[in-house]
Each structure stands twice: as structure tokens, then as C-alpha cells.
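Read through the structure below, which is laid out as C-alpha cells, and then see the notes.
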Amino acid sequence: MTRVTTSPPYVRYQADLERPFPGEEELVRQIVGAMESANRQVAAKHRHGLRDAHAKSHGILAGELRIEPDLPEHLAQGLFAAPRSYPVIMRFSTSPGDLRTDRVPAPRGMAIKVIGVDGPRAVDDGAATQDFLLVNHPTLPFGTVGAYAELQKVLERQHHQSDLRQRSTRLVARVLTRLRFPLPRIAEVLTTPNHHVLGETFHSMAALRYGDHVAKISAAPLSEEVRALTGRPVGRRAGESALRDLVADFFAHHSAEYEVRAQLCVDVDRMPIEDASVLWPEELSPHHRVAVLHLPAQDAYSDARRRYADDVLSFSPWHALEAHRPLGSIMRSRRVAYPRSSDFRHTVNGVQEREPASIDELPA
Ligand code: HEM
């Protein structure tokens with residue numbers, strides 16, 4: 001008897017999967033302009049240039065990305081095509097473009113810079129890095145440039161800064177209601193608990209090219225010590241920089257492993273590329289481990305590292321291989337936003353931006 005095996009219909013990447021959002025260029029101009037003016041105010045307050053978003057760092061780590069051996073063809077794509085290892089620099093952060101207390105929950109970020117990758121670039125930047133920028137939520141509530149710009153307008157009308165993530169819970173609730181967001185989504189945004197950052201699972205939220213296919217990327221705790229931190233509350237009496245202290249204390253004694261996973265798109269209607277607010281159902285396509293991120297014990301927050309990560313380094317989804325081109329209107333807006341934020345920060349601080357060519361550029 002012949003066995004017929006069918007593989008799921010992994011969507012094949014092609015350029016026309018992306019569709020411009022109506023009025024996209026103007027919307028991106030507005031979004032980036034609003035972020036930039038908020039950033040100028042923050043820089044004036046601190047007399048130092050910070051990132052437009054994710055300004056506060058909690059730990060800066062050297063590690064290794066080990067691509068899984070024997071991946072099936074649909075997962076052995078782009079950076080993940082062959083089982084080799086790459087040096088990485090990682091930065092944990094919190095989303096506002098200002099330095100806020102860690103006592104209050106806010107979206108947390110994990111930025112991964114893979115060093116020494118080969119292949120055609122998504123943009124002509126002459127670099128050899130692949131960045132993955134992840135946040136501890138699977139979707140972006142304002143998942144198109146239209147929704148994102150609308151949010152900013154409402155906030156501005158209320159004479160506040162542009163970034164939702166900096167606002168008080170009551171204001172956010174009001175804005176979301178005025179934008180006619182469904183109640184469960186409002187609750188989801190507002191009830192984020194304040195958990196130990198190292199136990200969180202981080203997501204690309206938006207889609208990217210995955211070689212011949214399209215995927216969302218995530219990173220989840222794998223080793224026992226970081227899995228044990230999942231859901232562990234940050235104490236109410238924690239200090240302003242509780243997360244930095246937790247990360248530094250952890251890596252003073254422990255190593256950590258995270259699994260890097262790809263969720264491939266199998267249905268462009270139910271797993272849209274142009275709207276990052278839609279959760280891609282795991283029943284349609286599970287997250288598959290494609291690599292392990294290994295982080296040895298180390299000093300995760302020396303002054304030299306903080307200065308290097310906050311002032312010299314830039315992470316961007318557009319530091320990318322063409323095989324991992326960011327997709328959808330939110331990703332396209334980031335192509336303009338990140339260099340603008342980074343240029344401003346480097347100019348204000350009189351620091352030369354430099355994409356690392358070797359892990360040795362990360363100070364001890
Ligand atoms: C898919 C949704 C998004 C994710 C997962 C994400 C994630 C992140 C992360 C993790 C960082 C910190 C990087 C670091 O450690 O240096 C960051 C920074 C930043 N994000 Fe986003 N972000 C998203 C959407 C956006 C959007 C829509 C904008 C604006 C259009 C934006 C603007 C910025 C800027 C300007 C920075 C600072 C860049 C720099 O100065 O180096 N992000 N983002």
C-alpha cells in the first residue's frame with residue numbers, strides 16, 4: 001500500500017503578499033514625527049539622548065545562537081538553513097521612550113543581534129548582522145499604520161505625548177474605548193502583570209520573511225532556572241531599577257537558555273501579514289524550535305556594557321537578511337522610525353553608531 005503524506009500548505013513568500021496601507025507614506029511621516037518630538041523632550045529632560053522607545057535597559061548579554069540540527073526543509077531557511085552557531089548580543093528593555101520605574105508593568109523587550117551572518121541584505125546597509133526585536137506579548141494592539149496613527153492622534157488631542165506605553169492606565173482605557181476597541185482586548189492591554197523579565201516569552205508580533213515562507217518569531221524560556229521565573233511577580237517593594245537588579249543577580253550565578261521558535265504562516269486570511277493585531281492561531285500552525293539561545297553566567301550590567309548598549313548600539317528589524325525581510329505596514333514604518341531615533345540619539349550624545357562586526361566589541 002502506498003502512503004500518501006501531505007505537508008501543510010506553508011505559504012510561499014512572494015513580494016505581493018505585502019499590500020500598501022492607504023495613505024501609508026503620510027501616516028508613517030506623522031507617526032515618526034510625533035515620536036521624534038516626544039524624544040526631543042525626553043532628551044532635553046535628561047540632557048542625554050535616549051531611544052524613542054525601549055529606552056531603559058535591564059541587562060546586556062553576550063551569548064550564542066545555536067541553530068538546531070536536522071530541521072525539516074520548511075524550517076531550515078535563511079539564518080536557520082544550516083546547524084551552525086553565531087555570537088549574539090542581547091538587550092532586555094522596557095517599552096517607553098523614557099526611564100520609568102520598574103514597579104509598574106509595561107511591555108518588556110528582548111532584542112537579539114546575531115553577528116556574522118552571510119547573505120543578501122533586506123536593505124543595502126553593508127552590515128553582517130541579523131536583529132530580532134521581540135516583546136512579551138504575541139500581538140501589537142495597533143497592528144496597522146492606520147490604527148497606530150489614530151492612537152497617536154487621540155493621545156495628542158488630549159495634550160499628551162504620543163506613546164501609548166507611557167500613559168497611565170486610566171488614560172489608556174479611555175483612549176482604547178474611544179477607538180472602539182473590543183473589551184477583551186482592552187482588558188488584555190490593561191491587565192499585564194509585572195513579572196520577572198527573564199521568565200517571559202517574547203514575540204516578533206509582526207511577520208517576517210522566513211526564506212521561502214513567512215513566519216513570526218518568538219523566544220521562550222528553556223532552561224530550568226529561567227522556566228522557574230515564569231509568572232514570578234516583581235515584588236511590590238522592588239526598587240526603581242528592580243529588573244536590572246534581577247537580571248544582574250541571576251546572571252552573576254546562572255546561565256540561561258531560551259528556545260527560538262518559528263510559527264509559519266499557513267493561511268494568509270487567518271494569519272494576516274498586514275495586521276499585526278491578529279493572533280496567529282497555534283492550532284493552524286504551532287511554534288517550532290529552530291535554535292537555542294545560550295547565555296552563560298556573566299556581568300550583565302557593567303557600566304561599560306550599559307554605555308555601549310544604550311549609546312553605541314542600535315537594534316532594528318531592518319538589520320536583516322533579505323531572507324528575513326520584515327513584512328506588513330507596521331514593519332515598513334519601522335524602516336523609517338529606527339534610523340531616525342538612532343541618528344538623533346547618536347548626534348545628541350556625540351557618539352558614533354557602529355554595527356558590531358565581532359562579539360569582542362561588547363565590553364566585559
Ligand atoms: C511589531 C511591533 C514592535 C516590536 C516587537 C518592537 C520592539 C522593539 C524593541 C525590542 C526595541 C528595543 C531595541 C533595543 O534594545 O535597542 C524597540 C525599539 C524601538 N522601537 Fe519598536 N517595536 C515594535 C513596533 C514599533 C513601531 C510601530 C515603532 C514606530 C513606528 C517602533 C519604534 C521604535 C524605536 C524608534 C525604537 C528605538 C530605536 C533606537 O533608537 O535604537 N517600534 N522596539
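Taking the criterion of being assigned to a strand (DSSP E or B) and touching a helix residue (DSSP H, G or I) at 6+ places or on another chain (Cβ under 8 Å), the residues of segment 195-243 that qualify are Leu208, Arg209, Tyr210, Val214, Pro221. Every test in (1) of a type outside the set (A, V, I, L, M); (2) within 14 Å of the ligand (Cβ to nearest atom); (3) outside any loop (DSSP other than H, G, I, E, B); (4) open to solvent by 30 Å² or more (accessible area, probe 1.4 Å) is passed by Glu353 save one, and that test is (3). Residues in segment 40-93 that are open to solvent by 40 Å² or more (accessible area, probe 1.4 Å), within 20 Å of Glu240 (Cα to Cα) and in contact (Cβ under 8 Å) with a residue 60 or more places away in the chain: how many? Qualifying residue count, segment 40-93: 1. Since Arg244 meets every condition but one in (1) out of contact with any Leu (no Cβ under 7 Å at 6 or more places or on another chain); (2) more than 30 Å from Ala15 (Cα to Cα); (3) away from the ligand (no atom under 15 Å from the Cβ), which condition does it not meet? All conditions pass for Arg244, except number (3).
Listed by first and then second residue, the pairs with beta-carbon distance under 7 Å, at least 6 apart or on different chains, first residue in segment 258-283 and in contact (Cβ under 8 Å) with a residue 60 or more places away in the chain, second within 13 Å of the ligand (Cβ to nearest atom) and of a type in the set (D, E, K, R), are Trp280/Lys216. Among the residues of segment 310-328, those that are small (Gly, Ala, Ser) and near the ligand (Cβ under 9 Å from one of its atoms) comprise Ser314, Ser316, Gly328.
The set of residues in segment 263-304 being hydrophobic (A, V, I, L, M, F, W, C), part of a loop (DSSP other than H, G, I, E, B) and open to solvent by 10 Å² or more (accessible area, probe 1.4 Å) consists of Val266, Val268, Ile273, Val278, Leu279, Leu284, Ala297.
Using the structure shown, decide if Gly328 is under 18 Å from Pro138 (Cα atoms) and either at pLDDT 95 or above or out of contact with any helix residue (DSSP H, G or I) (no Cβ under 9 Å at 6 or more places or on another chain) (or both). Step through it out loud before you land on a result.
Values: under 18 Å from Pro138 (Cα atoms): yes; either at pLDDT 95 or above or out of contact with any helix residue (DSSP H, G or I) (no Cβ under 9 Å at 6 or more places or on another chain) (or both): yes.
Taking the combined requirement at face value, the residue satisfies it.
Among the numbered criteria (1) out of contact with any strand residue (DSSP E or B) (no Cβ under 8 Å at 6 or more places or on another chain); (2) over 13 Å from Ala291 (Cα atoms), which single criterion is violated by Asp70? Of the numbered conditions (1) out of contact with any strand residue (DSSP E or B) (no Cβ under 8 Å at 6 or more places or on another chain); (2) over 13 Å from Ala291 (Cα atoms), the odd one out for Asp70 is (2).
Look through Arg334, Arg307, Arg345 and report the one residue that is within 15 Å of the ligand (Cβ to nearest atom) and open to solvent by 50 Å² or more (accessible area, probe 1.4 Å).
Numbers: Arg334 fails: open to solvent by 50 Å² or more (accessible area, probe 1.4 Å); Arg345 fails: open to solvent by 50 Å² or more (accessible area, probe 1.4 Å).
Checking each option against the conditions leaves just Arg307.
Residue-wise test of (1) modelled with pLDDT under 95; (2) more than 19 Å from the chain's Cα centre (by Cα); (3) exposed (fewer than 14 other Cβ atoms within 10 Å of the Cβ).
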{"residue": "Thr177", "(1), (2), (3)": "yes, yes, yes"}
{"residue": "Ala187", "(1), (2), (3)": "yes, yes, yes"}
{"residue": "Thr191", "(1), (2), (3)": "yes, yes, yes"}
{"residue": "Ile217", "(1), (2), (3)": "no, no, no"}
{"residue": "Ser241", "(1), (2), (3)": "no, yes, no"}
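The set of residues in segment 335-356 that are out of contact with any Ser or Thr (no Cβ under 7 Å at 6 or more places or on another chain) and of a type in the set (D, E, K, R) comprises Arg335, Arg340, Asp343, Arg345, Arg354. With respect to the conditions (1) open to solvent by 10 Å² or more (accessible area, probe 1.4 Å); (2) under 15 Å from the mean Cα position of the chain (by Cα); (3) of a type in the set (Asp, Glu), Asp131 lacks only one, and its number is (1). Taking the conditions (1) open to solvent by 50 Å² or more (accessible area, probe 1.4 Å); (2) more than 18 Å from Ser93 (Cα to Cα) in turn, Leu246 satisfies each one other than (2). Restricting Val104, Val114 to residues that are open to solvent by 20 Å² or more (accessible area, probe 1.4 Å), of a type in the set (A, V, I, L, M) and in contact (Cβ under 8 Å) with a residue 12 or more places away in the chain narrows the list to Val104.
State all residues of segment 260-272 that are touching a Ser or Thr at 6+ places or on another chain (Cβ under 9 Å) and among the charged types (D, E, K, R); if no residue qualifies, say none. Spell out the reasoning first.
To start, the set of residues in segment 260-272 that are touching a Ser or Thr at 6+ places or on another chain (Cβ under 9 Å) comprises 260-267, 271.
Answer for segment 260-272, where residues must be touching a Ser or Thr at 6+ places or on another chain (Cβ under 9 Å) and among the charged types (D, E, K, R): Arg261, Asp267.
The values are calculated or read from the model by the stated rules, or taken from the named source; none is laboratory data. Predicted model only: the values in this text are computed from it and were never measured. Heads up, the Cβs are rebuilt from the backbone with ideal geometry, glycines too, and the neighbour counts pull from every protein chain shown. For the accessible areas, the whole protein counts, side chains as well, though only heavy atoms, and no ligand, DNA or RNA atoms are used. Shrake-Rupley method; radii C 1.70, N 1.55, O 1.52, S 1.80 Å.
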